Amino acid sequence: MILGVTGKIASGKSTVMNVLSGCGFKLIYTDKIVAELYAAGAEGAALIESNFGSEFLNSDGAVNRIALRELVFNDSVSLKKLNSVVHPIVLDVVKKQVSSFASTAGQRLGKGRKLRIAIESSYFLPGGLLDLIDELLWVERPRGDILSSLIARGFSESLALQAIDLIEEPNEVDHFLLNEGDILDKIFRIFNHK
């Protein structure tokens, strides 16, 4: 089973992933993949420079994520351009990680046990990550809690509000999880028996 975990920024996707790990899921974080792609000399950094300009690189050659974030959170055309450049590379890396988990799991899983992988991402689109998963989990958190969390991370209020509105709940989700109260118990009830 491959589960997609998605939600708005600061909705608690990483918290959910940590709990899923305790349920035996192997984890893939697309944010971590992007961070590696944005490192100095990496493929993503070169693509950002060629598509957006050297002003979006730090002096060491790594992507200036703050400058890029401010651009794309304020300009939907730039966000679409960024996604069209970065998503295919991320998809390739995720596919390789899934294959790696599958090949090593085939040697270790006992009879009747199934490999379970959770992929955390803000985007699950047709032709991309959506095609890799079996089920999709949407993590919802009250808007005010998200706003407070983003401001605590250094976002201005206006940028935080724009970031919150960037990701919309997909039309079809298999599981909806409200991130308040004891989410640990909620997640175990949904996934510990699968």
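The values are calculated or read from the model by the stated rules, or taken from the named source; none is laboratory data. Source: prediction; values computed, not measured. Positions of Cβ are backbone-derived with ideal geometry, glycine not excepted, and every protein chain shown enters the neighbour counts. Side chains are part of the model used for accessible areas, which takes the heavy atoms of the whole protein and leaves out ligands, DNA and RNA. Shrake-Rupley method; radii C 1.70, N 1.55, O 1.52, S 1.80 Å.
Go through segment 25-46 residue by residue and tally those that are open to solvent by 50 Å² or more (accessible area, probe 1.4 Å), aliphatic (A, V, I, L, M) and touching a residue at least 40 places away in the same chain (Cβ under 8 Å).
Taking segment 25-46 first, the residues open to solvent by 50 Å² or more (accessible area, probe 1.4 Å) are 26, 31-32, 36, 40-41, 43, 46.
Next, from what is left, pick out any that are aliphatic (A, V, I, L, M): 40, 46.
This time we only want the ones that are touching a residue at least 40 places away in the same chain (Cβ under 8 Å), so: none.
Of the residues in segment 25-46, 0 are open to solvent by 50 Å² or more (accessible area, probe 1.4 Å), aliphatic (A, V, I, L, M) and touching a residue at least 40 places away in the same chain (Cβ under 8 Å).
Do the conditions hold for SER100, that is, is it in a helix (DSSP H, G or I), of a type in the set (S, T, N, Q) and either farther than 19 Å from SER14 by Cα or free of Cβ contacts under 8 Å to residues at least 40 places away in the same chain (or both)? Reasoning before the result, please.
Working: in a helix (DSSP H, G or I): yes; of a type in the set (S, T, N, Q): yes; either farther than 19 Å from SER14 by Cα or free of Cβ contacts under 8 Å to residues at least 40 places away in the same chain (or both): yes.
Against the criterion (in a helix (DSSP H, G or I), of a type in the set (S, T, N, Q) and either farther than 19 Å from SER14 by Cα or free of Cβ contacts under 8 Å to residues at least 40 places away in the same chain (or both)), SER100 qualifies.
Counting just the residues of segment 1-20 that are polar (S, T, N, Q) and within 17 Å of ARG143 (Cβ to Cβ), which one comes out nearest to the chain's Cα centre (by Cα)?
From segment 1-20, those polar (S, T, N, Q) are 6, 11, 14-15, 18; that's our starting set.
Keeping just the survivors that are within 17 Å of ARG143 (Cβ to Cβ) gives 6, 11.
Values: THR6: 7, SER11: 11 Å.
Within segment 1-20, the match that is nearest to the chain's Cα centre (by Cα) is THR6.
Remark: pairs (first residue in segment 124-147, farther than 23 Å from LEU161 by Cα; second residue open to solvent by less than 20 Å² (accessible area, probe 1.4 Å) and of a type outside the set (A, V, I, L, M, F, W, C); Cβ separation under 6 Å; 6+ apart in sequence or on different chains) = LEU129/SER121; ILE133/GLY4; LEU136/GLY4. Just one of (1) loosely packed, with under 13 Cβ neighbours inside 10 Å; (2) under 18 Å from GLU70 (Cα atoms) fails for LYS114. It is (2).
Elements of the type helices (runs of 4 or more DSSP H) sitting completely within segment 1-56 and holding at least 2 residues that are more than 19 Å from ASP134 (Cα to Cα) and among the charged types (D, E, K, R): these cover 30-37, 43-52.
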